[in-house]
1. Bin width 10 Å, origin at 0, all Cα-Cα pairs of the range 15-197: what percent of pairs per bin?
2. At 222 nm, what helix-only mean residue ellipticity would the chain give, in deg cm²/dmol to the nearest 500, using -39500 (n - 2.57) for each DSSP H run of four or more?
3. Between residue 69 and residue 21, what is the FRET efficiency for a Förster distance of 22 Å, r being their Cβ-Cβ separation, to the nearest 0.05?
4. With only Lys, Arg, Asp and Glu charged, each at its Cβ (+1 for the first two, -1 for the last two), find how big the charge dipole of the chain is about the Cα centre; round to the nearest 20 debye.
5. Please compute the length gained on full extension between residue 166 and residue 94, using 0.36 nm multiplied by the number of residues separating them and subtracting their Cα-Cα distance.
Amino acid sequence: MSQKLNSNIFIDKNINDFFTRLIEMLGPVLIGSKPAELISLPRHDSQLKKKIRKIEKYIGNCQKVSYRIITYKKTSLKVLFYNPQLLNNYLMDYRNLKFLKSHGYPKDYTLNDYLEYLIKNIEEGTIPHEIGVFLGYPLKDIIGFIGHPSLKLTKVNGWRVYGDTKVSDKKFKEFLEAKIKIRNLLNQYTPEKVLFSI
């Protein structure tokens, strides 16, 4: 769904630049406008172990965000960061739940079971289209991306938008405003302070 999903925007950056960029990217998750974010860390990155330790040390102690590290195709690690309460609310939305169940997710919903199902698919080497639900994209855009014939590509604005743009534009604006807010805070404070003060 996201155009940045498979890009390696974090490769070989020094550890401080990495963490600043990570906190900015996680802004919508921290603020509560986006349920989750997925990043890619290539295995050949010389800073990989330090980056993982930084995530474990700081994100591991953050009450608003949890994370899961996922092995992907022996070439990279994917890290799924999520706001458990917000993600649970997104997934329990009737339309999202119905959509996910139609894609093989368990009939009886629990956040952990749905995360495990998603992670298993990623570990098997695919980033499933329905990850867009976890990342907070409008369901119509996910269905359009998969190829529903009645939904035509309207534009690309952070992700591929299908059909009427109003809901997608509103969601994009929320994500962008959260990132700008975090970026402004990062201009004044350390990423660690920003992470624990939101």
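We did not get these values from a lab; they are worked out from the coordinates using the rules stated. Nothing here was measured: the structure is a model prediction, and the numbers come from that model. Counting neighbours? That spans all protein chains shown, and the Cβs are built from the backbone with ideal geometry, glycine included.
1. All Cα pairs considered, the percentages come to 9, 34, 37, 18, 2.
2. On the way: 10 runs with 98 residues, N = 198.
The helix-only estimate for the chain comes to -14500 deg cm²/dmol at 222 nm.
3. On the way: r = 18 Å, r/R0 = 0.81.
Here the calculated transfer efficiency is 0.80.
4. Details: 33 positive and 19 negative charges, 66 e Å.
Once rounded to the nearest 20, the dipole reads 320 debye.
5. Residue separation times 0.36 nm, minus the Cα-Cα distance, leaves 23.8 nm.
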